[in-house]
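Below is one structure; the comments refer to it alone.
Bear in mind these aren't lab numbers, they're just calculated from the coordinates by the rules spelled out. Since the model is a prediction, treat every value here as computed from it, not as a measurement. Here the Cβ is made from the backbone with ideal geometry for all residues, glycine too, and neighbour counts use every protein chain on show.
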Amino acid sequence: MKNELQFKVPFTGFCSTTFISCFTAVYMFLENLAVESGYDCKRKDGLQCDDCGNCQKQDRYFFVFDTMCGHSSLRCRFDGEPTEMERLICEAGFYDGGTDDNIDFLFGYAGYEYRKLVTPAEFESAIAASVNAGKPVIAKVKTGEDRFRVIIGYDDGALIGPDYDNAQRKPEAPLTYGEIDAIYVFGGKTEPRFGVLDGLERIRRIKEYNIKENLWGGYTEKMGLYTADSLRNADENEKKARMKRVAETMWHTFNCHNFAEVFRNDYIAELCDPALAAPRKKIGGPCFGYTHDLAWALIGLEACADWSKHAAGYFGEMVELTLSQIAKNDVAALEAVNEIISFLKNKK
């Protein structure tokens, strides 16, 4: 017997099949926010995106969930050891967003009941019941970094997944029951357990932690010319390795784009009060628009730097200054978030 939902939601191109991405796609399906069916996607044909708006509709909701749960506020340690805030949100890799804490927040923020099932004997009947009720299921697989999938149907003993078009590193092989570690079954629509203020408090907690832990200081210590662990004392291979780590972190720091989009657009009704125009503008442009551009500059420097040349030894000072500005941008963004929180609390 076969049953397949007509699931036409594209996945965001800003990450792979993380929980946040999968959750966004299922949410849009359930809320009837699916994009126009049969649209002509230029990007599918290898052409330049023509901004038709279909993918952007998906990205809008992804940005909101990614930001409100706190993921787009995360920062990394230089040594790669996950921070306490990374562990709060991510279970396998910087992007996955699949901890119990984060999943519960997202369901509560979106206003859905849910069940997490971890007993394999329950999977098949639960998936069939959910699909028969018109609701996709999110599955967590046992291994890998991209550990989440969406199940939109079944055909005897086989599972049916959606087209993961646009997702980075999209799954190629069909999902099997043997790969599943857990499933998340959407329940009824309910009053949200978490609101915008809860999301902003979550953001504040993460940003305050990043600053308190001086996470960017771990990078400037390694890249500065006159620091205790000076770049001048590193050999050429070590210089390359340190710069490579900076560039890797800049790719993660692009989550600032998701954050900025939420505040510079009218995605959340509670943030649309004209009194919040100044802090929103501060986040969308001078803070995180600026951070986004500086991140690209450091990625470009890593790609072209010739560390065998004498002048390259001074690149570290330029990197140190750039990272110091990114750190200042993070502080300014926190100040703006605090201003928004104070206004919303006083308004209540």
Membrane-span-like helices in the chain: DSSP H runs reaching 20 Å or more (Cα, own axis), mean Kyte hydropathy at least 0.5?
288-304
What's the longest piece of the chain with no exposed chymotrypsin sites (Phe, Trp or Tyr not before Pro), counting a site as exposed if DSSP puts it in a loop and it has at most 14 other beta carbons within 10 Å?
40-225
If unit charges are put on Cβ atoms (+1 for Lys and Arg, -1 for Asp and Glu) and the dipole of the chain is taken about its Cα centre, the option from 310, 125, 269 lying farthest towards the positive end turns out to be 269
Two pseudo-spin positions, 7 Å from Cα along C-beta at residue 156 and at residue 328, lie apart in nanometres by 6.6 nm
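Using 0.36 nm per residue, how much length does the chain from residue 281 to residue 121 gain when fully extended, once their Cα-Cα distance is taken away?
Net length gain for the segment: 52.5 nm.
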With each label point set 7 Å from Cα along the Cα-Cβ vector, what nm distance links residue 303 and residue 266?
3.7 nm
What net charge do the residues around residue 284 carry, taking every other residue with its C-beta under 9 Å from that of residue 284, with Lys and Arg at +1 and Asp and Glu at -1?
+3
Could you list which residues have their amide H under 5 Å from that of residue 114, counting only those 5 or more apart in sequence or on another chain, with H placed in the peptide plane?
187
Any idea what the dipole of segment 2-189 comes to, in debye rounded to 20, about its Cα centre with Lys/Arg Cβ at +1 and Asp/Glu Cβ at -1?
240 debye
Simple spin-label estimate for residue 163/residue 335, 7 Å along Cα→Cβ, in nm, reads 4.8 nm
Förster radius 41 Å - calculated FRET efficiency between residue 133 and residue 254, Cβ distance, rounded to 0.05:
0.65
As straight-line cross-link partners of residue 135, the qualifying lysines (C-alpha separation under 18 Å, not fewer than 8 residues apart within one chain) are 2, 8, 116, 189
Using alpha carbons only, how many angstrom separate the centre of segment 183-262 from the centre of segment 280-336?
13 Å
State the percent of C-alpha pairs, over all pairs in segment 214-347, separated by a distance greater than 24 angstrom.
39 percent
Taking 0.36 nm per residue of sequence separation and subtracting the Cα-Cα distance, how much length would be gained by fully extending the chain between residue 8 and residue 31, in nm to one decimal?
7.0 nm
Taking K and R as +1 and D and E as -1, what net charge do the other residues with C-beta under 11 Å from the C-beta of residue 147 add up to?
-3
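Provide the FRET efficiency to the nearest 0.05 for the residue 77-residue 296 pair, computing r from the beta carbons and using R0 = 22 Å.
For residue 77 and residue 296, the calculated efficiency is 0.50.
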Quick one: if the Förster radius is 35 Å, what FRET efficiency do residue 318 and residue 208 give, using the C-beta to C-beta distance and rounding to 0.05?
0.80
Computed from these coordinates, which is Kirkwood radius over Cα pairs in Å: [x] 23.1; [y] 20.8; [z] 21.7?
[z]
About the Cα centre, and with charges only on the beta carbon of Lys, Arg (+1) and Asp, Glu (-1), how big is the dipole of the chain? Nearest 20 debye, please.
640 debye
